[in-house]
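Read the structure below first, then the notes.
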Amino acid sequence: MKLKLNGWQRLWVVAAGIYFIVVCVVGAAMFPDGARLEAERAKVAIDLALRAQVDAARTLGNERAELDALSNLKRGAAEIRTEAYGDLSDAELIQRIRTTFGGKADFSTLDERIKRDAEHLRDDRTTFIFQAAAWWTIPVLALYILGSAIGWVIRGFRNKGEV
């Protein structure tokens, strides 16, 4: 059996193909790669390091160092990240903080975060793939249905109401 498509259906196939390429390109650019999660983990690592500095200064009784560390803690991990560690990638930053503060900070919360993020990343990727499929499928089907309805109305006018 030979498949026959009229001109409008061929136009729909071409439009669906072009839209498929657009969805694939945008989807590839937006695909969850874990960079956002890595950046959040870097901020957690900085926060842990700052808290370790406060504790170390408090233990030594160095009030000036404690006030400086508390000031840094108040400024926040994002500002410290940009200011002090701007040249490092997030993974390098985490490794450097682990090396520097290995025995001084408790990294169990960071380790739990890494494990939880790995699970979330897998779920985020699966969800994203299904959403991308829906981004393509729903508009393409809606366009086909709309085109069929318009064609049905036009045929009704051409046949003067005869069904």
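The values are calculated or read from the model by the stated rules, or taken from the named source; none is laboratory data. Please read all numbers here as calculations on a predicted model, not as lab measurements. Because the Cβ atoms are built from the backbone with ideal geometry, glycine has one as well, and the counts that use them run over all protein chains shown. Calculation scope for accessible area: heavy atoms of the full protein, side chains included, ligands and nucleic acids excluded. Shrake-Rupley method; radii C 1.70, N 1.55, O 1.52, S 1.80 Å.
In summary, the stretch 113-155 shows an alpha-carbon radius of gyration equal to 2.02 times the 2.2 N^0.38 Å reference for compact globular proteins.
Taking the protein heavy atoms of the chain in the context of the full set of protein chains, the accessible area attributed to carbon and sulfur is 62 percent at 1.4 Å.
Spatially close Lys pairs in the chain, defined by Cα atoms under 29 Å apart and a spacing of eight or more places or different chains, total 7. Determine the shape class of the stretch 31-105: with a ≥ b ≥ c the square roots of the Cα gyration tensor eigenvalues, call it rounded for a/c under 1.5, and otherwise prolate if a/b is greater than b/c, oblate otherwise. Judged from the Cα gyration tensor, the stretch 31-105 comes out prolate (a/c at least 1.5, a/b above b/c). Highest mean packing comes first when the peptides 60-66, 34-40 are listed by Cβ atoms within 10 Å, giving 34-40, 60-66. Which one is right for this structure if P(r) over Cα pairs in 5 Å bins from 0, in percent is calculated from it: [x] 1, 8, 11, 11, 11, 8, 7, 6, 6, 5, 5, 5, 4, 4, 3, 2, 1, 1, 0, 0; [y] 1, 8, 15, 15, 13, 11, 9, 7, 6, 5, 4, 3, 2, 1, 0, 0; [z] 1, 9, 20, 24, 22, 14, 7, 2, 0? So the structure-derived entry is [x]. Whole-Hz Karplus values for the stretch 123-139 come out as 5, 4, 5, 4, 4, 4, 5, 5, 5, 5, 4, 5, 4, 8, 5, 4, x Hz, taken residue by residue from phi with 6.51 cos²θ - 1.76 cosθ + 1.60 and θ = phi - 60°; glycine and proline positions read x.
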